[in-house]
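The values are calculated or read from the model by the stated rules, or taken from the named source; none is laboratory data. Bear in mind the structure is a predicted one, so any value in this text is a computation, not a measurement. Cβ placement follows ideal geometry from the backbone for every residue including glycine, while neighbour counts extend to all protein chains displayed.
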Amino acid sequence: MYQSVVFGALIYCCLADKWSGKGKRMNDRKDDFDSGKSHGDSWGSKMSSVIKVDAGLREDLMSQGYSISDHEIPDSYALRLAHPAHLEVAARAVALGAVALHGFANIYVLTGGIASGKLLNTICGFPAHEPPWVTTPPGSLDAVVDWNRLPDGLEAWEVRAVISELITMGPIGIRLPALASLPNDLVTIKEGVRGLQVMLAGVGCSSEGFLDRATELVNMPLLAIRPACHANLEGSEIVEEPVHHRFLEAVGEFGDLPGVVSLGRDDDLIERKYLAYAPTRPSVLSFQGIRFDRRNRPLIPIECHGSLALERMTAVLDNYDLGHVVLPSAQRRLAARLYQ
């Protein structure tokens, strides 16, 4: 299934109660972690998983000119978004064909290079050839979006302004016209126009450094992305489960899959940061397939009512004299995943 990944299993995770003969050593390491001796914060006190990076990954990374020392990848903690060396290892793994499980605003996602789109779909339960969502640094939108293909009556400056205001607040999903140069397996077709499903984490997200470095290493302005949840076929419809928003639970479902490298963070801190957002997939606006009201004002379709409340989305649109229409898929707000 994962033969396209040039190295086999990057990481395996196990719960603390499965450790064998490592309890005292792990407790000693955790005490150092909590006191700030090794990493400078208390994130380790919330971790109960252990990771190992196998020799295959080390050899692949070293063949690319990157040397990994033991202190850069501790065998007692998951890789961390806030740790520069861990971020570098994960980004280089993605460049080699891996998929990263990591925090993204207030949820967890699976991210890989464009060539990993089918792998992402397989992991999450989507048809292999379904176009994945993509993510990109906000400053790179011009490299993937064809602003000239926006619907007549909708100005590029309006769309840019809406996006800019939304990502200042937090995460958002957006459907935009795709540049002709993008591969066909990334795009959807709506009313004869190639479209791109873009998921943005928002300004100040803890994943910014990782995503910037990964796009640099894959030499592309975008990455393929899926929320960390499974999709199930119910009749003729694909229904996604609620997305993971806690690291240990996300890593328990996806972290031990071959070709997946996991990056953790302080979930409690993130929850406090995103109090205005539900811990669900991002809400989605579409700048394709728009209609107009009697005033000839563009009506922006709201495709998904997720983490950002409907009234906050529409307030941003109102700032630019843009109306909206709530599609059937957004009539009910997405449910958050509940943990025991």
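State which residue is modelled with the lowest pLDDT when the search covers only region 69-95 and only residues that are of a type in the set (A, V, I, L, M), part of a loop (DSSP other than H, G, I, E, B) and surrounded by fewer than 21 Cβ atoms within 10 Å (Cβ to Cβ).
Among those residues, the one meeting the criterion is I73.
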Legend entry - Leading residue by the ranking (surrounded by the fewest Cβ atoms within 10 Å (Cβ to Cβ)) among those in region 213-232 that are over 12 Å from the mean Cα position of the chain (by Cα) and among the charged types (D, E, K, R): E216
Legend entry - Unmet requirement for F292, which otherwise passes all of (1) over 30 Å from A231 (Cα atoms); (2) in contact with a helix residue (DSSP H, G or I) (Cβ under 8 Å, 6 or more places away or on another chain): (2)
Inset, instruction - Tell me which residues, restricted to region 302-340, are closer than 21 Å to V134 by Cβ and touching a residue at least 60 places away in the same chain (Cβ under 8 Å). - result: E303, C304, G306, S307, L308, M313, L334
Legend entry - Test: I172 is farther than 15 Å from L222 by Cβ, among the β-branched types (V, I, T) and modelled with pLDDT under 95: no
Inset, instruction - Output yes when any residue across region 237-257 is at pLDDT 95 or above, touching a Lys or Arg at 6+ places or on another chain (Cβ under 8 Å), in a strand (DSSP E or B) and closer than 26 Å to G97 by Cα, and no when none is. - result: no
Legend entry - Within region 119-131, tally of residues that are farther than 20 Å from V251 by Cα and touching an Asp or Glu at 6+ places or on another chain (Cβ under 8 Å): 2
Inset, instruction - Quick one: in region 238-250, of everything that is under 14 Å from the mean Cα position of the chain (by Cα) and either of a type in the set (V, I, T) or surrounded by 23 or more Cβ atoms within 10 Å (Cβ to Cβ) (or both), which residue is nearest to R226 (Cα to Cα)? - result: V243
Inset, instruction - With the condition kept exactly as written, say whether any residue in region 188-200 is assigned to a loop (DSSP other than H, G, I, E, B), surrounded by fewer than 16 Cβ atoms within 10 Å (Cβ to Cβ), modelled with pLDDT under 90 and more than 13 Å from the chain's Cα centre (by Cα). - result: yes
